[in-house]
Amino acid sequence: MPKLNAAAAKAVEQTEAVHGGGFELLKPGKYLGQLTEVSVRENPDKYGAAQWSAEFQNLHSIETREPVSGRQWLNLTMPLGKKAPANYENGAEKWEKYQAMVKGRLAAFFEAFGYTPDSDTDEMLLEWAVITVGVQTIQQGPKQGEKRNVVNDIESLDKYGDLDSFGITQAGEDEEF
């Protein structure tokens, strides 16, 4: 079983408890972010589709060009095909629209980095893109009612300038994560 060493235990004992994560939300807007990991989520969506979680660090506000703390995740659902699963109750037409949206979000992800959908996401690590961050209220579970950030969109950095305009001289070399 893990146990804190004496110095860490004393430091924690002298600190006020933080409930609910203690992270400050980013204000809704666009942020430059560096892709640092893409993982398959263990919990598939309610229709059985696998999900990817793309993690972004080294965030910078597009508005101010200043670095901001934290990291964000873009969750991407994998397409399942034309036939809706048995537990889908909204009809074939809505299923097709949902699958088109899922595929479109994946296309936007690869396009934002200048890669094709047959690329290995490991090749994309440390690349930069612009993410659109919003705030939503958690609807269920132990954190129901709390606010969290959510990544709603991803796009190429091209129309927002270049890394130099954010004070980043070489992709990944000046940043630590």
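Quick look at the values:
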quantity	calculated
Answer from Ser165, Ser119, Ser53 - the residue that is in a strand (DSSP E or B) and surrounded by 12 or more Cβ atoms within 10 Å (Cβ to Cβ)	Ser53
Test set (1) surrounded by fewer than 16 Cβ atoms within 10 Å (Cβ to Cβ); (2) free of Cβ contacts under 8 Å to residues at least 40 places away in the same chain - Glu146 fails condition number	(2)
Tally, over the stretch 150-177, of residues that are modelled with pLDDT of 95 or more and polar (S, T, N, Q)	2
Ser39 within 26 Å of Asp158 (Cβ to Cβ), of a type in the set (Ser, Thr, Tyr) and exposed (fewer than 15 other Cβ atoms within 10 Å of the Cβ)	no
Residue under evaluation Ile131, criteria (1) surrounded by fewer than 15 Cβ atoms within 10 Å (Cβ to Cβ); (2) not in a helix (DSSP H, G or I), criterion not met	(1)
Failed condition for Asn87, given (1) in a loop (DSSP other than H, G, I, E, B); (2) crowded, with 16+ Cβ neighbours inside 10 Å; (3) in contact with a Lys or Arg (Cβ under 8 Å, 6 or more places away or on another chain)	(2)
Unmet criterion (only one of (1) surrounded by 15 or more Cβ atoms within 10 Å (Cβ to Cβ); (2) in contact (Cβ under 8 Å) with a residue 12 or more places away in the chain) for Tyr98	(2)
Residues of the stretch 85-95 satisfying the condition of being touching a helix residue (DSSP H, G or I) at 6+ places or on another chain (Cβ under 9 Å) and in contact (Cβ under 8 Å) with a residue 24 or more places away in the chain	Pro85, Tyr88
Residue ID - farthest from Gly29 (Cα to Cα), chosen from residues in the stretch 56-73 that are in contact with a helix residue (DSSP H, G or I) (Cβ under 7 Å, 6 or more places away or on another chain) and crowded, with 16+ Cβ neighbours inside 10 Å	His60
Test: residue in the stretch 90-106 that is over 30 Å from Lys159 (Cβ atoms) and in a loop (DSSP other than H, G, I, E, B)	yes
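Residue-wise test of (1) at pLDDT 95 or above; (2) among the small types (Gly, Ala, Ser); (3) out of contact with any Pro (no Cβ under 6 Å at 6 or more places or on another chain).
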| position | (1), (2), (3) |
| --- | --- |
| Tyr31 | yes, no, yes |
| Asn43 | no, no, yes |
| Ala54 | yes, yes, yes |
| Gln72 | yes, no, yes |
| Lys83 | no, no, yes |
| Ala86 | no, yes, yes |
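The values are calculated or read from the model by the stated rules, or taken from the named source; none is laboratory data. Predicted model, so just to flag it, every value in this text is computed and none were measured. Note: ideal-geometry Cβ built from the backbone for every residue, glycine included; neighbour counts use all protein chains shown.
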